[in-house]
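Chemist: So that we are looking at the same thing, I have put the structure below in structure tokens.
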Amino acid sequence: MRPFEDSPISRDGKVLILAYDHGLEHGPVDFEAVPETMDPEVVWDVATHDAVSGFAVQKGVAEAYYPSYEDDVNLLAKLNGTSNLWMGEPDSAVNWTADYAAELGADAIGFTLYGGANNEIEMAEEFREAQETAREHDLPVVMWSYPRGQGLKNDKDPQTIAYAARQALELGADIAKVKYPGSSEKMEFAVDAAGPTQVVMSGGSKTSDRDFLSTVKGAIDAGAVGLAVGRNVWQRENPAEFLDALEAVIYEETSVEEALSRV
Ligand code: FBP
């Protein structure tokens, strides 16, 4: 198995995953803030920024655009995903296999696990198949580790986030993508729980430049290796400048003030 640090989605051991699977997960409503982002090509162009170490998309968007971007973008194949039209218990259809992602040229795979959902068992079994196939292709595995479902009162509770990070380790993910539990100390608990599995912070809905950069800084200070972000980048009018600022906080470990001066 190739260490994650040597994989294309790592830049000096740090990670900035740009996610663009929202057209499936949330629907066109997410593109309203910056209507041009409805056009996948606009966001593929954003993903060519140096700060982006991996671009997470679903199969159809990969098939249609990756051949034109394979020299400039590292493809993170998000294998499962569900639409917001689904009203059942949290679950996520497996839309492509790790074998097919490897055939398309993917550099890593991504997979959601809804721990705590009624379908957790099936999702974990589906993850097993994807993870073991990814190992055969030497592809790093990123788990969107999102406890969710009827029994969960607060999905940002520090114990819950640490459990999510630990689940990613126990099931064999190289990277656990978890929500920010509210403070750097609480994030550190999750990083500790993940052991050798690296932790990245999940972006969430759009906030101010300062608030978002401060949260990312809190995650990096806690030992997270980076960020997986969608709306907080491409719902901005100036995504390239904001990526400059994220590059500063994540890769150069600058202060928030220094990063803000680049926006
Ligand atoms: P954001 O930074 O926009 O939250 O994107 C990250 C991501 O994990 C996407 O890959 C996915 O579409 C979305 O969040 C799912 O968010 P949620 O399930 O919380 O609505």
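The values are calculated or read from the model by the stated rules, or taken from the named source; none is laboratory data. Note that the coordinates shown come from a computational prediction; the quantities given were computed from them, not determined experimentally. Positions of Cβ are generated from backbone atoms using ideal geometry, with glycine treated the same way; all protein chains shown enter the neighbour counts.
Chemist: Just a yes or no: is a residue in segment 163-170 out of contact with any Gly (no Cβ under 9 Å at 6 or more places or on another chain) and not hydrophobic (A, V, I, L, M, F, W, C)?
Modeler: Yes - at least one qualifying residue is present in segment 163-170.
Chemist: Right, another one. Tell me which of these Glu170 doesn't satisfy, since it passes every other one: (1) closer than 22 Å to Pro140 by Cβ; (2) within 16 Å of the ligand (Cβ to nearest atom); (3) free of Cβ contacts under 8 Å to residues at least 24 places away in the same chain.
Modeler: (2)
Chemist: Pull out all pairs, ordered by first then second residue, where Cβ-Cβ is under 6 Å, the residues are six or more apart or on different chains, the first lies in segment 32-49 and is within 16 Å of Ala62 (Cβ to Cβ), and the second is in a helix (DSSP H, G or I) and among the hydroxyl-bearing types (Ser, Thr, Tyr).
Modeler: Cβ pairs passing all conditions: Pro40/Tyr65; Val43/Thr37; Trp44/Tyr65; Trp44/Tyr69.
Chemist: Can you name the residue in segment 145-184 that is assigned to a loop (DSSP other than H, G, I, E, B) and closer than 15 Å to Gln198 by Cβ and is also farthest from the chain's Cα centre (by Cα) among such residues?
Modeler: So, considering only residues that are assigned to a loop (DSSP other than H, G, I, E, B) and closer than 15 Å to Gln198 by Cβ, the one farthest from the chain's Cα centre (by Cα) is Gly172.
Chemist: Here is a follow-up. Tell me the helices (runs of 4 or more DSSP H) entirely within segment 1-119 that contain at least 1 residues that are more than 13 Å from the ligand (Cβ to nearest atom) and at pLDDT 95 or above.
Modeler: 40-46, 59-69, 98-104
Chemist: Any residue that is crowded, with 16+ Cβ neighbours inside 10 Å and away from the ligand (no atom under 16 Å from the Cβ) - is there at least one of those in segment 173-185?
Modeler: There is at least one residue in segment 173-185 that is crowded, with 16+ Cβ neighbours inside 10 Å and away from the ligand (no atom under 16 Å from the Cβ).
Chemist: If the Cβ limit is 7 Å and pairs must be 6+ apart or interchain, which residue in segment 183-210 that is of a type in the set (Asp, Glu) pairs with which residue that is modelled with pLDDT under 95?
Modeler: Asp209/Val263
Chemist: Which one of these is of a type in the set (Gly, Ala, Ser), closer than 19 Å to Pro181 by Cβ and touching a helix residue (DSSP H, G or I) at 6+ places or on another chain (Cβ under 6 Å): Ser214, Ser202?
Modeler: One residue alone meets the criteria, Ser214.
Chemist: Could you list, in sequence order, the residues of segment 54-112 that are crowded, with 19+ Cβ neighbours inside 10 Å, more than 17 Å from Val15 (Cα to Cα) and touching a residue at least 60 places away in the same chain (Cβ under 8 Å)?
Modeler: Gly81
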